[in-house]
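Working notes, structure below.
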Amino acid sequence: MTAFSTNSIHGGDHLKTTNDVITPIHVTTTYSYSSNPDELIPGGLTDPNTLVYSRENHPNAAQIEAIVESITGYPTVVYNSGLSAFNALITHVNPKTLAIGDGYHGCQGIADIWKRNFGLHQIHINDEEVAPDGKSSKWDSVKQGDLVHLETPLNPYGTYFDIRKYAKLAHDRGALLSVDATFAPPPLLDPFKFGADIVMHSATKFFGGHSDLLAGLLLVKDQEVKKSLLLDRLVLGSNIANLESALLVRSLRTFELRVARQSKSAETIVKFLDLHKKDFPVLDVLHHGSLQQQNDEKEKEWITEQMPNGHTPVFSIELTSEDQAKLLPSKLKLFRHATSLGGAESLIEWRAMSDDHISKKLLRLSIGLEDPRDLLEDLVRGLLAVGGEKEADVLIEEIKSLKI
Ligand SMILES: *Cc1c(COP(=O)(O)O)cnc(C)c1O
């Protein structure tokens with residue numbers, strides 16, 4: 001068995017049909033049928049191994065699935081966006097009740113379409129298991145065949161939820177647990193280890209890593225489920241496109257390096273900001289999984305186990321006013337003010353721009369591949385420009401001496 005970084009480069013080699021070192025970009029949408037009349041079999045379109053029409057299957061998408069399968073060990077289906085993957089998930093499970101938490105607003109949006117169209121019953125994933133009256137609980141409506149959908153780390157905070165706990169809540173009722181692990185791609189988190197049945201990623205983020213493609217992934221536990229997802233994908237029209245998948249194969253070649261670096265840099269930055277919080281009077285709250293375990297031994301135990309290879313590269317800050325939160329991005333030189341995350345470049349977003357349920361004092365930061373000391377300097381200067389007495393140069397001095 002070869003290791004992660006090797007698989008991310010060579011995991012699809014066995015599918016190559018040319019001697020190009022990089023799989024060529026196949027732009028064709030349609031493939032010639034056999035010229036032998038005896039080989040013309042009715043219904044060929046539903047056989048995932050034959051190349052017929054690119055809405056079903058094409059060589060670049062097959063590369064992605066093979067590479068992700070070799071990295072993670074789980075049957076994988078790729079989609080044209082993260083939300084397509086979530087829609088495929090809910091279509092496959094077809095729950096009567098969905099337990100879903102806060103987190104990415106788009107997944108909630110799909111759940112609400114299901115509620116509107118099919119009367120999907122929803123409960124909140126953090127509803128009490130035992131109701132205050134000791135009798136009924138919203139969890140009573142979760143039954144065999146239903147779905148519990150957990151997002152960890154949670155958007156936009158970058159905080160963690162104990163997957164084992166939600167796996168038990170689901171499995172005790174015969175329901176399935178799906179985990180949106182977009183904020184902690186491999187090798188940071190393997191949700192299956194803690195009881196997940198299906199894992200979802202927006203591959204637009206860390207898998208893509210260059211802010212230049214949209215993609216989604218579902219990882220499942222057996223080939224039968226994968227087969228059924230592929231049949232659904234064919235008719236839902238949600239396969240990834242040819243050009244996008246070539247970009248994603250490119251991205252996977254540096255996947256481990258990027259995620260490891262982004263994770264380490266984020267931890268360095270959060271640690272520094274936390275340590276110097278008193279120097280930034282506008283910085284009210286700092287949210288990140290690395291701070292979640294600070295004062296609680298029990299929390300620390302499951303977090304260390306669940307996130308063995310580093311923390312999520314995404315975190316959030318709350319400033320003391322909405323005006324300050326809107327002002328800070330304009331004071332930064334390296335962080336771009338934009339939505340999304342996981343790319344090589346660091347981003348900051350006044351999150352209310354894309355999620356109107358979130359605090360208007362909140363900014364989400366995605367740490368990229370720049371030198372973390374430069375990023376810290378940018379943040380420190382920006383925070384002090386928004387408000388504070390401290391001389392920036394004293395802090396910059398300390399930042400320059402940080403070992404990374
Ligand atoms: C971005 C994101 C999605 C949606 O993915 P798209 O590729 O934009 O469709 C879903 N969940 C989380 C946690 C995300 O960050």
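Can you pull out every residue in segment 235-271 that is hydroxyl-bearing (Ser, Thr, Tyr) and not in a helix (DSSP H, G or I)?
Ser238, Thr254
Which is modelled with pLDDT of 95 or more and either within 14 Å of the ligand (Cβ to nearest atom) or farther than 28 Å from Gly368 by Cβ (or both), of Leu218, Leu231, Leu252, Leu243?
Just one listed residue meets the conditions, Leu218.
Does Thr320 satisfy the condition of being of a type in the set (Val, Ile, Thr), within 26 Å of Lys390 (Cα to Cα) and surrounded by 14 or more Cβ atoms within 10 Å (Cβ to Cβ)?
Answer is yes for this residue.
Being within 16 Å of the ligand (Cβ to nearest atom) and either among the acidic types (Asp, Glu) or assigned to a helix (DSSP H, G or I) (or both) is the filter here; which residues of segment 66-87 pass it?
The first filter runs over segment 66-87 and keeps only residues within 16 Å of the ligand (Cβ to nearest atom), leaving 68, 76-87.
Listed by number, the residues that qualify are Val68, Gly82, Leu83, Ser84, Ala85, Phe86, Asn87.
Out of all the residues in segment 99-136, which are in a helix (DSSP H, G or I), aromatic (Phe, Trp, Tyr) and open to solvent by 50 Å² or more (accessible area, probe 1.4 Å)?
Within segment 99-136, just Phe118 meets the criteria.
Which of (1) under 24 Å from the mean Cα position of the chain (by Cα); (2) open to solvent by 30 Å² or more (accessible area, probe 1.4 Å); (3) touching a residue at least 60 places away in the same chain (Cβ under 8 Å) does Asn60 not meet, given it meets every other one?
Every listed condition holds for Asn60 apart from (2).
For Gly388, which of the numbered conditions (1) on the phi > 0 side of the Ramachandran plot; (2) in contact with a Leu (Cβ under 6 Å, 6 or more places away or on another chain) fails to hold?
(2)
If you go through segment 177-212, how many residues are within 9 Å of the ligand (Cβ to nearest atom) and either of a type in the set (Phe, Trp, Tyr) or in a loop (DSSP other than H, G, I, E, B) (or both)?
First, pick out the residues of segment 177-212 that are within 9 Å of the ligand (Cβ to nearest atom): 180-183, 200-205, 208.
Now restrict to residues that are either of a type in the set (Phe, Trp, Tyr) or in a loop (DSSP other than H, G, I, E, B) (or both): 181-183, 203-205, 208.
Qualifying residue count for the region: 7.
For Ser70, all conditions in the list (1) touching a Phe, Trp or Tyr at 6+ places or on another chain (Cβ under 7 Å); (2) farther than 26 Å from Ser316 by Cβ hold save one; what is the number of the exception?
(1)
Residue by residue through segment 137-154, note down the ones that are surrounded by 24 or more Cβ atoms within 10 Å (Cβ to Cβ) and of a type outside the set (Val, Ile, Thr).
Leu147, His149, Leu150, Pro153, listed by residue number.
For Lys298, only one of the following conditions fails: (1) away from the ligand (no atom under 16 Å from the Cβ); (2) basic (Lys, Arg); (3) open to solvent by less than 30 Å² (accessible area, probe 1.4 Å). What is its number?
(3)
The values are calculated or read from the model by the stated rules, or taken from the named source; none is laboratory data. Model, not experiment: these values are computed from the prediction. Positions of Cβ are backbone-derived with ideal geometry, glycine not excepted, and every protein chain shown enters the neighbour counts. For the accessible areas, the whole protein counts, side chains as well, though only heavy atoms, and no ligand, DNA or RNA atoms are used. Shrake-Rupley method; radii C 1.70, N 1.55, O 1.52, S 1.80 Å.
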